[in-house]
Amino acid sequence: MTNHGAGRTLAEKVWDQHLVRKAEGSEPDLLYIDLHLVHEVTSPQAFDGLRLAGRTVRRPDLTLATEDHNVPTLDVLAPIADPVSRTQVETLRRNCAEFGVPLYPMNHAEQGIVHVVGPQLGLTQPGLTVVCGDSHTSTHGAFGALAFGIGTSEVEHVLATQTLPLNRFKTMAINVNSSDGTLRPGVTSKDVVLAMIAQIGTGGGQGYVLEYRGNVIENLSMEARMTICNMSIEAGARAGMIAPDDTTFAYLKGRDHAPSGAAWDEAVAAWRGLRTDDEAVFDAEIHIDADALTPFVTWGTNPGQGLPLSENVPDPARIIDENERVAAEKALTYMGLQAGTPLRKITVDTVFVGSCTNGRIEDLRAAAKILDGHKVADGVRMLVVPGSMRVRAQAEQEGLDKVFTAAGAEWRSAGCSMCLGMNPDQLAPGERSASTSNRNFEGRQGKGGRTHLVSPLVAAATAVRGTLSSPEDLR
Amino acid sequence: MEPFTTHTGIGVPLRRSNVDTDQIIPAVYLKRVTRTGFADGLFSAWRADESFVLNIEPFSRGSVLVAGPDFGTGSSREHAVWALMDYGFRVVISSRFADIFRGNSAKQGLIAAQVTQPDVELLWKLLENEPGTEVTVDLREKTVQAKDLTVGFEIDDYTRWRLLEGLDDIGLTLRHTDDIAAFEAGRPARLPVTTPVR
C-alpha cells in the first residue's frame, strides 16, 4: 500500500491498526492476527511442525476449527467411509484436543463451512485481521475485516506467533453503481462478481486488496456482500473488503460473539471510522455499470471465462491475445462446447446449490422460491447443501427443505461438498453441472467434470429446465 | 530449510496459462496428513495424457518448470508446492504468479522466478527445439540462463535473502516475541475470543 497523502483507504487503516512491527529495509511488516480459522485439510502438517519444534499455539482463544472440506453430507452419523478422509478429520480432532483449540466437529450444531461459521457466530467483525488456510477467507472482508487465505506454513506461523510477516498490498476500488442503487430483477451479487472477474481477469487483482464500493454495494445484504468478497481470490486478489455500515451492525448485533452493552457502543463507534477517507487514493480503480448487468455464467475452465447468459459460446479464433486464445481453445475442448452455441442451449446433468460462496440462508431461500411449484427436469440431479448446520436448521424451520425435496432435489448436511469434491459428492467424467460454487477449473468437482458457475437463481431455473436458464425463462 | 544459491536442471516447457492449483494437485490428493508423498498427484489429470510434457523423455526428469502467466491461481493449498518439489522441481518460471502460491513457494524453498512473457516464449522455444536443455537459475544474480540465453528474473529482496540464507520464518518472528506481547497488551478487551459461549 503506497501512501498517497493524508487520506487512507479502509484496507490501509486496518493494516496500520495491526502493525506489531513496521518493516525495516526490505523486511515485511509483522501483522497481528485477530482470528485464525482452521479446518482439517490444510492444518495437519502445521500442527506437526509445532510438535517437531516443541512449540505451542500462542492464542488458542483466537483460533477456531471446524470440519468442512472432507465431510460427507449423507449418513453423517456413521463413521466416514473413506479411511483417508476419516484419518484427516480424526487428526484435526486430536490436534485440537492436544493444543486446546476449540472445534466444531461433524454433527455439532455449529459445524459448517469455515467461512459460514465465522460470520454467523459473530466472530467475524469489522476491522479484524482474519486468516485461514483457505483462499476463500476473503469472504470475511464483507464486514470490513482484512481477511485472506494462507498456506500451511503460514498456518503454522500464525499458530505459533499469532502474527504474519507480510508485504503491503496495493489497493483497488471496484465501483459498482446503478441508476437507483439496485440490481435488475434476476441479477444477484454472484452475477456482479462473475462480471467483475470477466472484466479484470483471473490475474487482474493480483497484489491488490479490492474494496467494493458504490450504491449497489451499499444496498446489498451482508450475505450478498459475502458472496462478492468470497470470489475476490478468483480475480487474483487475496482480499476483498466492504466498509462496515448499519447493515453490518444490524447483522452482528446479538450474535454469540458480538460485543454487548457498553462494549457494543464502543465497538460501533470504532467501526464507523473504518471507511476509506475521501481524500484517499487507490492504486487502481475500476467501474461496473450495474444497470447493464444480466445473469452471468461461465463457459470455460477459469472463473474469468464468463459471459451474460444471453450470449453464445465464444469463438476462440476471434481472441487476439495468443495466451487467451489457446486457453479458450483448451477450455472449449475440455468443456465439450462448440463456439457459437447459445449458452441457454447447454444441457446440464447436475445442479449444485451450496458452498462458501452461495450456501447461506438467503441463497437457499432464493433457490427455493424459484423451485416452488416446479419439478427438477428429468435426468437432472440437484443437490442442495447448506453451508452450515445452523443454515440447515433455519431452512428446515422455514420449510425450505420440503420445497427442495418436493421438487425432486436432494437435501443434504453441511459441508464444502461438490464445490471441490473431496467427499463423495462429485461429478462423473464428462458430467456437466450448473454450480453456485466458485471455481470451474478442470476436474474441480470431480475428474473430467464440467462446471458452469452460476447464481442460486440461475441454478434453480436451470434445474427446472435442464438447460442453463434464468428465472425469466420459467415464465 | 536448505540455503538456495544456484540450481541447474532440465527445463520443462508447460505451454499453459492459468495453471491453477487444482491442476497442480487435485483435491482428492489433499487428504494426506504429511508433507511428503504428493509427487504422484502432480498434474495427475494431465499426466493421464501420454503426450503431456512430463510423460516425454527427457522432460520427465526436469527440475525447472517454465509456464505461462497466472501460475498457481486458485486454492491456497501448499500441497501444490509440496507436489512440485516432491516430483523434483526446484524452480518455476512464469510471467505472473498467484500471490498465495508465491508465498507458499517462498516458505518451502521452491523458487518462483518471475520473468517477462516474451522471455517465457524464448525459453519455451529453446526448450522445445532442444529437449533436455539445462537451465541454470542463479538466485544471487537473479538470472535464468539456458544455452546462449540469459534473462533476469524478479523476486522480492526479503524472500531472496531468506532463501539464500535458508532461514525459517517462524524462527525470525520469534525474535520479536516482546513486540508481540506488547501489541497484545494494547488490544481492546471487546475483541472476540473463540471460546464457546454456550
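Laboratory data are not the source of any read-out in this text; all were calculated from the coordinates shown. These figures come from a predicted structure and were not determined experimentally. With ideal geometry, Cβ positions are generated from the backbone for all residues, glycine too; neighbour counts draw on all protein chains shown.
Other residues whose C-beta falls under 12 angstrom from the C-beta of residue A:48 contribute a net charge of +3, scoring Lys and Arg +1 and Asp and Glu -1. Note on residue A:180/residue A:317: beta-carbon distance plugged into 1/(1 + (r/R0)^6) with R0 of 51 Å gives a FRET efficiency of 0.80. Beta bridges from DSSP with both residues in the protein assembly as shown: antiparallel share about 30 percent, rounded to the nearest 5. Spatial offset of segment B:41-75 relative to segment A:427-475 amounts to 28 Å, using the alpha carbon center of each. Just name one of A:91, B:182, A:328: the one whose Cα is farthest towards the positive end of the charge dipole of the protein assembly as shown (beta-carbon charges, Lys/Arg +1, Asp/Glu -1). Towards the positive end, the residue furthest out is A:91.
Counting only alpha carbon atoms, the long axis of helix B:117-129 and the longest principal axis of chain B meet at about 50°.
For segment A:10-166, a simple Cβ point-charge model (Lys and Arg +1, Asp and Glu -1, everything else neutral) yields a dipole of about 300 debye relative to the Cα centre. A simple count of charges around residue A:472, restricted to other residues whose Cβ falls under 13 Å of its Cβ and scoring Lys, Arg +1 and Asp, Glu -1, yields +3. In a simple Cβ point-charge model (Lys, Arg +1; Asp, Glu -1; nothing else charged), segment A:298-473 has a dipole of about 260 debye relative to its Cα centre. Looking at the square roots a ≥ b ≥ c of the eigenvalues of the Cα gyration tensor of the protein assembly as shown, which shape do they give, rounded for a/c under 1.5, prolate if a/b is larger than b/c, or oblate? Here the protein assembly as shown falls in the rounded category.
Computed about its Cα centre, the charge dipole of chain A is approximately 680 debye, with only Lys, Arg, Asp and Glu carrying charge at their Cβ. In the structure shown, the pairs A:170/A:190; A:253/A:402; A:253/A:369; A:190/A:375; A:13/A:170 are assessed against 19 Å; a Cα-Cα span above that value is assigned to A:170/A:190; A:253/A:402; A:253/A:369; A:190/A:375. Measuring r between the beta carbons of residue B:156 and residue A:334 and using R0 = 41 Å, the FRET efficiency lands at 0.75. Residues whose amide H lies under 5 Å from that of residue A:21, counting only those 5 or more places away or on a different chain, are A:30; hydrogens are built 1.01 Å from N in the peptide plane. Taking GluC sites (Glu not before Pro) as exposed when their DSSP state is a loop state and no more than 15 other Cβ atoms lie within 10 Å, the longest site-free interval of chain B runs over B:51-140. With an a/c value of 1.5 or above and a/b not larger than b/c for the gyration tensor axes a ≥ b ≥ c computed over the alpha-carbon atoms, segment A:360-418 is described as oblate. For segment A:1-71 versus segment A:273-299, the inter-centroid distance based on Cα atoms is 27 Å.
Comparing B:65, B:80, B:92 along the charge dipole axis of segment B:62-132, the residue lying farthest to the positive side is B:80, per the Cβ-charge model. Loop sites here are GluC sites (Glu not before Pro) outside DSSP states H, G, I, E and B with no more than 12 other Cβ atoms within 10 Å. The longest part of chain A free of them is A:25-278.
Sequence-ordered 3J(HN,Hα) estimates for segment B:89-99 from the Karplus curve with 6.51, -1.76 and 1.60 and θ = phi - 60° stand at 6, 10, 9, 10, 10, 8, 8, 7, 10, 5, 4 Hz, glycine and proline given as x. Restricting attention to segment A:10-166, close to 35% of DSSP beta bridges with both partner residues there are antiparallel. For segment A:314-392 and segment A:225-258, what is the centre-to-centre distance using only Cα atoms, to the nearest Å? Computed from Cα coordinates, the inter-centre distance equals 24 Å. Taking a spot 7 Å from the Cα of residue B:145 along the direction of its beta carbon, which residues of segment B:6-44 have an amide N less than 20 Å from it? What the label zone holds, given the 20 Å backbone N cut-off, is B:6-12. Summarising the strand pairing of chain B, around 50 percent of its internal DSSP beta bridges are antiparallel. By the helix-only formula, in which each DSSP H run with n ≥ 4 contributes -39500 (n - 2.57) and the sum is divided by residues, the protein assembly as shown has a 222 nm mean residue ellipticity of -9000 deg cm²/dmol.
Working from Cα pairs under 8 Å separated by at least six residues, relative contact order for segment B:131-198 is 16 percent. Using C-alpha pairs under 8 Å with a sequence gap of at least 6, the mean separation divided by the residue count of segment A:208-264 gives a relative contact order of 37 percent.
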